[in-house]
Amino acid sequence: KANRVFHPEDTVIPIGNQTIGGNKLTIIAGPCSVESESQILSVANQVKAAGAGFLRGGAYKPRTSPYSFQGLKEEGLELLKIARAETGLPIVSEIMSVSKLDKFVEDVDIIQIGARNMQNFDLLKAVGQTNKPILLKRGLSATIEELLMSAEYIMAEGNDNVILCERGIRTFETYTRNTLDLSAVLAIKKLSHLPVIIDPSHAAGKWWMVEALSKASIAVGADGLIIEVHNDPANASCDGPQSITPERFASLMGSLEQIAKIE
Ligand code: PEP
Ligand code: MN
């Protein structure tokens, strides 16, 4: 189902009154984690004003250490809904467990499956039984074929609304958090009709690389970007070093508008 041989046309996924895929760029922006009502409202208003189409925010966080901030959980989803109501931005948030699926289907506009759950086949099958748009991130060490097979798991259950995300892969290099595999976009577009977006924030792990990697993503034909934006990166509960401020995000949007049609 994900194979371009059987579906030559690019897939365009409808989400509310917007779409992802086709000849334009979708921008999803927001903090790694929802931290408070004032934080998410301020970031949401600022990314909206700068031209973002969707708001991201983690409520359930897959952290390497069990002692790190795990997210505001249900309260985080409530705060995202408040931000959506205030800004009109549809919301994107990561699901970690099948047990929360009904809640996510009801509350969020795009369900994110994180890199660590790319091969959680029970979760893939469960989201496949909904008709929600799914943002499927590439696993830390997953091949392109494995990513496409995970998309196939979702689609095999009847949900064709899958958006793929290249977010950097693990290599021997340690200077960056991950290594952005730009050529994955070209490969996926040859093999599949599904939209592909890039997450330059998790790929680099460094905020100052985000702008150049965003431009490079456009050059290889990505359908969109998911960018971490935080009101106070130095004090963020999660992923501060890779988060850009709302001011930098606005200037990034200004430069992306010169080279891409953002919608
Ligand atoms: C995230 O988007 O905050 C996240 C945890 O990403 P990934 O699953 O790509 O590491
Ligand atoms: Mn993050």
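The values are calculated or read from the model by the stated rules, or taken from the named source; none is laboratory data. Here the structure is a predicted model, which is why all the values come from computation and not from measurement. As a convention, Cβ positions derive from the backbone with ideal geometry for all residues, glycine included, and neighbour counts pool all protein chains shown.
As an exercise: evaluate D232 against (1) within 17 Å of G58 (Cβ to Cβ); (2) among the acidic types (D, E); (3) within 14 Å of ligand 1 (Cβ to nearest atom) and give the number of the one condition it does not meet.
For D232, the failing item is (3).
Pairs under 8 Å by beta carbon, first residue touching a residue at least 12 places away in the same chain (Cβ under 8 Å) in segment 145-169, partner within 16 Å of ligand 2 (Cβ to nearest atom) and acidic (D, E), six or more apart or different chains?
C165/D199; E166/D199; R167/D199; G168/D199
Can you work out which of the residues in segment 56-90 that are within 13 Å of ligand 1 (Cβ to nearest atom) and not small (G, A, S) is nearest to R138 (Cα to Cα)?
Restricting attention to segment 56-90, the residues satisfying the condition of being within 13 Å of ligand 1 (Cβ to nearest atom) are 56-64, 68-71, 76.
If we keep only those that are not small (G, A, S) too, we end up with 56, 60-64, 69-70.
Working: R56: 17, Y60: 18, K61: 17, P62: 15, R63: 17, T64: 17, F69: 23, Q70: 21 Å.
The qualifying residue nearest to R138 (Cα to Cα) is P62.
Between a residue in segment 64-80 that is loosely packed, with under 14 Cβ neighbours inside 10 Å and any residue that is at pLDDT 95 or above and assigned to a helix (DSSP H, G or I), which pairs come within a Cβ distance under 9 Å, given they are 6 or more apart or on different chains?
The qualifying pairs are E74/K100; E74/K103.
Considering only residues of segment 164-182 that are in a strand (DSSP E or B) and among the aliphatic types (A, V, I, L, M), which is nearest to ligand 1 (Cβ to nearest atom)? Break it down stepwise before answering.
At the first step, the residues of segment 164-182 found to be in a strand (DSSP E or B) are 164-166, 169, 179.
Narrowing further to those that are among the aliphatic types (A, V, I, L, M): 164, 169.
Numbers: L164: 12, I169: 10 Å.
Taking the candidates together, the pick is I169.
Among the residues of segment 147-168, which ones are among the acidic types (D, E) and over 15 Å from L123 (Cβ atoms)? Before you say what the answer is, go through the steps one by one.
Within segment 147-168, the subset among the acidic types (D, E) is 152, 157, 160, 166.
Result: D160, E166.
Can you tell me which residue within segment 186-206, out of those that are within 16 Å of ligand 1 (Cβ to nearest atom) and surrounded by fewer than 22 Cβ atoms within 10 Å (Cβ to Cβ), is farthest from G57 (Cα to Cα)?
K206
Does T179 meet the test of being of a type in the set (S, T, Y), touching an Asp or Glu at 6+ places or on another chain (Cβ under 7 Å), closer than 24 Å to M118 by Cα and surrounded by fewer than 24 Cβ atoms within 10 Å (Cβ to Cβ)?
On the way: of a type in the set (S, T, Y): yes; touching an Asp or Glu at 6+ places or on another chain (Cβ under 7 Å): yes; closer than 24 Å to M118 by Cα: yes; surrounded by fewer than 24 Cβ atoms within 10 Å (Cβ to Cβ): yes.
Spelling it out, T179 is indeed of a type in the set (S, T, Y), touching an Asp or Glu at 6+ places or on another chain (Cβ under 7 Å), closer than 24 Å to M118 by Cα and surrounded by fewer than 24 Cβ atoms within 10 Å (Cβ to Cβ).
Under the condition of being of a type in the set (S, T, N, Q) and surrounded by 24 or more Cβ atoms within 10 Å (Cβ to Cβ), which residue from segment 4-44 is nearest to ligand 2 (Cβ to nearest atom)? Break it down stepwise before answering.
To start, the set of residues in segment 4-44 that are of a type in the set (S, T, N, Q) comprises 11, 17-19, 23, 26, 33, 36, 38-39, 42.
If we keep only those that are surrounded by 24 or more Cβ atoms within 10 Å (Cβ to Cβ) as well, we get 26, 33.
Details: T26: 18, S33: 7 Å.
Here the residue is S33.
Quick check on this structure: which one of S201, S243, S183 is of a type in the set (S, T, Y) and farther than 12 Å from A29 by Cα? Steps first, please.
Working: S201 fails: farther than 12 Å from A29 by Cα; S243 fails: farther than 12 Å from A29 by Cα.
Exactly one of S201, S243, S183 is of a type in the set (S, T, Y) and farther than 12 Å from A29 by Cα, namely S183.
Do you know which residues across segment 52-93 are in a strand (DSSP E or B) and touching a Phe, Trp or Tyr at 6+ places or on another chain (Cβ under 6 Å)?
Step one: of segment 52-93, the residues in a strand (DSSP E or B) are 54-56, 58, 91-93.
Answer for segment 52-93, where residues must be in a strand (DSSP E or B) and touching a Phe, Trp or Tyr at 6+ places or on another chain (Cβ under 6 Å): just V92.
For segment 21-44, which positions are in a strand (DSSP E or B) and either within 18 Å of G240 (Cβ to Cβ) or within 16 Å of ligand 1 (Cβ to nearest atom) (or both)?
Keep residues of segment 21-44 that are in a strand (DSSP E or B), which gives 25-30, 33.
Across segment 21-44, the qualifying residues are T26, I27, I28, A29, G30, S33.
Within segment 45-52, is there a residue that is crowded, with 20+ Cβ neighbours inside 10 Å, touching a residue at least 12 places away in the same chain (Cβ under 8 Å) and within 16 Å of ligand 1 (Cβ to nearest atom)?
Yes, some residue in segment 45-52 is crowded, with 20+ Cβ neighbours inside 10 Å, touching a residue at least 12 places away in the same chain (Cβ under 8 Å) and within 16 Å of ligand 1 (Cβ to nearest atom).
Take the residues in segment 215-253 that are within 16 Å of ligand 2 (Cβ to nearest atom), among the polar types (S, T, N, Q) and not in a loop (DSSP other than H, G, I, E, B), then tell me which one is surrounded by the most Cβ atoms within 10 Å (Cβ to Cβ). If you could, list the steps in order and put the result at the bottom.
Filtering segment 215-253 down to residues within 16 Å of ligand 2 (Cβ to nearest atom) leaves 225-245, 249.
Next, only the ones that are among the polar types (S, T, N, Q) stay: 231, 235, 237, 242-243, 245.
With the extra rule that they be not in a loop (DSSP other than H, G, I, E, B), the set shrinks to 235, 242.
Values: N235: 9, Q242: 26.
Here the answer is Q242.
Could you say which residue among V127, V92 is modelled with pLDDT of 95 or more, within 30 Å of G254 (Cα to Cα) and buried (at least 22 other Cβ atoms within 10 Å of the Cβ)? Give the derivation first.
Details: V127 fails: within 30 Å of G254 (Cα to Cα).
That would be V92, the only listed residue that is modelled with pLDDT of 95 or more, within 30 Å of G254 (Cα to Cα) and buried (at least 22 other Cβ atoms within 10 Å of the Cβ).
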